[in-house]
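The values are calculated or read from the model by the stated rules, or taken from the named source; none is laboratory data. These numbers were taken from a predicted model, which means no experiment stands behind them. Methodologically, a virtual Cβ is constructed for each residue, glycine included, from the backbone with ideal geometry; neighbour enumeration extends over all protein chains shown.
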């Protein structure tokens, strides 16, 4: 069986989001003042409306107030949103993706405590605090060798009476400046590595927004400091911290696709209008082939991303050998990042000098695509991860969490 | 074959290197970071550079300039661009049009315009060609379409010409004191046969500057709109013949071939070379000073391969740039300047991107210059390496083979 058709629900939700983007997101996102990478405040009103459409809670089971969306559906929504505004898409991708994972792992008591507020508050966003300042997580020098990247976390949670005292610093935390609940990975006394649910207003938790000047991220991003931060005893989330194995959800790759599509759609519209050499520039071979190359890149990249999403939803596909034994999310990440950056540059070139002006969107799309290309440790690092997988190299596993 | 530089060429290179390191580099990032595009400019650096000859070095000696050769000019552009691409371009933009004055203006015009240009450290030059609906159509005019191309209109009235219309994306518009303006003097023939070039001083009645464009890169380099409302220009300011602009600027391949256009090709390639030199130096220094997992970044094969590619491309560009400069000095007119310009687009964009790759996201946050270089390099897409600029060179090749 090989079936590339979307379900009726997936097509419906795609059309709904596409319409929302055209009506509500683009008019706000394309405001000339907002196209400068140095000054891009989050579109709070758009985020509210997106939440009211259900895009924040999409992955929750229907009985918990969501739409039970699978990974592929989340990816489709993220791409459509990113065509309109990459920052809105990034915030919602983080919250909607995490909601599915976190609430399904919560105990009934935790869910009773946190879910009602999450479902009803349009501004309730989620964040996952993983990276630590001094930790060297780049594969680079550790390629094919056990090394510092397996070193334990410095963030710790110690028992104190009927609660936990958390200490540590986490950086590059997506959604940190707006999140109301943090999933903090820490070494937990008596348990080993684990995840704690820490509300924004927990005493001892502070957030510092990362420098918005350079804008080396999408959405909102910041550093989280936990200084004798106190949380109740039932804040521990079940199960071990998620391990990045290159087979996770490719939602950020869909975001990257959305950036490429925004650039492509702008270039296509312009090529259809702009006349030089006595004809619309799309009728010139030079521009026609350029647009074709952009369309090819988008189409092939989307195939890779959707396949990774399918694999994430159907991990049995690896087991029954329907899927290649590869980290398909990482494969999609590398291809998409490189292809979309080239596509965005080509799209900008179709605009001539207007392609580099800060009050026009094309330079923004190039910048946004460049963030995807260099975020994390870049595609070089990602290729090393794929190479380790090809060789069957297994990194020594982190110590397992004690069974409850 | 002799690759050595003369003492004079070496002296220009060293003066430029010192000025770039001591004066330009220290202000480069701060100027780039200013958000209002009208405020990024700095007259002090222009005055200092002018006193060293960097504004006027292309003016022939008999007219009081330094009369440097093209090899010296290429060396200086690259050295200045290594510290700041946009500041280098602001200076060399003056050479581009002083080449044009020397090649195309009458002695009377030279006396009238070169003298004040030489005397005033803040006298900058520019040229207005592009218009809102005429960019590629000026570069590659369709032979059979008289409506295509620039539309700014000039009509003769007695001893004056009356100019009406607008120009956009004009370099140095907001800071220049004298501009060459291409205007349509016959709307019934194709743009290359019906265009006249005028010398238009900044204080011409009826001529004003509109908006200053807010570019993502090359922030220092001013670029603006020009608006002509019954602007009055004396007939004595016509450059060459009426309807003869295309022949004078070299865009037709005949007449003057070292002024304007062809120098512009070398200019962009030489400027790109300086940016690539900067990127290579930054990447190598970063790789040799930053650790990952207790070892220098440089120890990694993928880093070494990136550094190799950056340097390989940069040295190939250097060879082509210096060869084109040498060919200009020996009055050899080929398509090589255009090829060098196209090649420089590919090289500067790949090399600055690789520099970013070597630095990684953290490195870019530590050193904002890494990000500045990729923004500056994107400018090459439409100036030097878009499909029109490449097809134009192919046609030059076909002409020279005929």
Q: Determine which member of the set B:362, B:357, B:346 is at pLDDT below 90, out of contact with any strand residue (DSSP E or B) (no Cβ under 9 Å at 6 or more places or on another chain) and part of a helix (DSSP H, G or I).
A: B:362
Q: Restricting attention to helices (runs of 4 or more DSSP H) lying wholly within the range A:291-404, give those where 3 or more residues are surrounded by fewer than 21 Cβ atoms within 10 Å (Cβ to Cβ) and out of contact with any strand residue (DSSP E or B) (no Cβ under 7 Å at 6 or more places or on another chain).
A: A:316-319, A:328-349, A:378-390
Q) Only one of (1) in contact (Cβ under 8 Å) with a residue 40 or more places away in the chain; (2) not in a helix (DSSP H, G or I) fails for residue B:54. Which number is that? A) (1)
Q.
I need a count of the residues in the range B:117-131 that are more than 14 Å from chain A (Cβ to nearest Cβ) and without any contact (Cβ under 8 Å) to a residue 60 or more places away in the chain.
A. 4
Q.
Of the residues A:366, A:331, only one is farther than 19 Å from residue B:131 by Cα and at the interface with chain B (Cβ under 8 Å from one of its Cβ atoms); which?
A. A:366
Q) What is the residue count in the range B:33-45 for residues that are outside any loop (DSSP other than H, G, I, E, B), surrounded by fewer than 21 Cβ atoms within 10 Å (Cβ to Cβ) and in contact (Cβ under 8 Å) with a residue 40 or more places away in the chain? A) 2
Q | Close pairs (6 angstrom Cβ cut-off, 6 or more residues apart or separate chains): within 9 Å of chain A (Cβ to nearest Cβ) and surrounded by fewer than 17 Cβ atoms within 10 Å (Cβ to Cβ) in the range B:132-152, part of a loop (DSSP other than H, G, I, E, B) and at pLDDT 80 or above anywhere | A | B:145/A:278
Q. Just one of the numbered conditions (1) over 21 Å from residue B:85 (Cβ atoms); (2) surrounded by fewer than 18 Cβ atoms within 10 Å (Cβ to Cβ); (3) in contact (Cβ under 8 Å) with a residue 40 or more places away in the chain is not true of residue B:303; which one?
A. (2)
Q.
Could you check the range A:21-44 and list, in sequence order, the residues that are within 24 Å of residue A:125 (Cα to Cα) and touching a helix residue (DSSP H, G or I) at 6+ places or on another chain (Cβ under 7 Å)?
A. A:21, A:24, A:25, A:26, A:28, A:29, A:37, A:40, A:42, A:43
Q. Which members of the range A:27-48 meet the condition of being assigned to a helix (DSSP H, G or I), surrounded by fewer than 17 Cβ atoms within 10 Å (Cβ to Cβ) and more than 14 Å from chain B (Cβ to nearest Cβ)?
A. A:27, A:28, A:44, A:45, A:48
**Q.** Subset of the range B:202-219 [in a strand (DSSP E or B), surrounded by 16 or more Cβ atoms within 10 Å (Cβ to Cβ) and without any contact (Cβ under 8 Å) to a residue 60 or more places away in the chain]
**A.** B:207, B:209
(Q) Taking the conditions exactly as written (at pLDDT 95 or above, buried (at least 21 other Cβ atoms within 10 Å of the Cβ) and in the same structural domain as residue A:13 (by TED's automatic domain parsing)), does residue A:119 satisfy them or not? (A) no
Q: For the range A:200-214, state whether one or more residues are assigned to a helix (DSSP H, G or I) and more than 14 Å from chain B (Cβ to nearest Cβ).
A: no
Q: Kindly check whether there is at least one residue in the range B:330-343 that is within 14 Å of another protein chain (Cβ to nearest Cβ) and either modelled with pLDDT of 95 or more or surrounded by fewer than 21 Cβ atoms within 10 Å (Cβ to Cβ) (or both).
A: yes
**Q.** Search result, residues across the range B:355-364 that are surrounded by fewer than 23 Cβ atoms within 10 Å (Cβ to Cβ) and either more than 7 Å from every other protein chain (Cβ to nearest Cβ) or out of contact with any helix residue (DSSP H, G or I) (no Cβ under 9 Å at 6 or more places or on another chain) (or both)
**A.** B:362, B:363
Q | Pairs with Cβ under 8 Å, 6+ apart, first in the range A:264-289 and more than 13 Å from every other protein chain (Cβ to nearest Cβ), second outside any helix (DSSP H, G or I) and surrounded by fewer than 16 Cβ atoms within 10 Å (Cβ to Cβ) | A | A:272/A:280
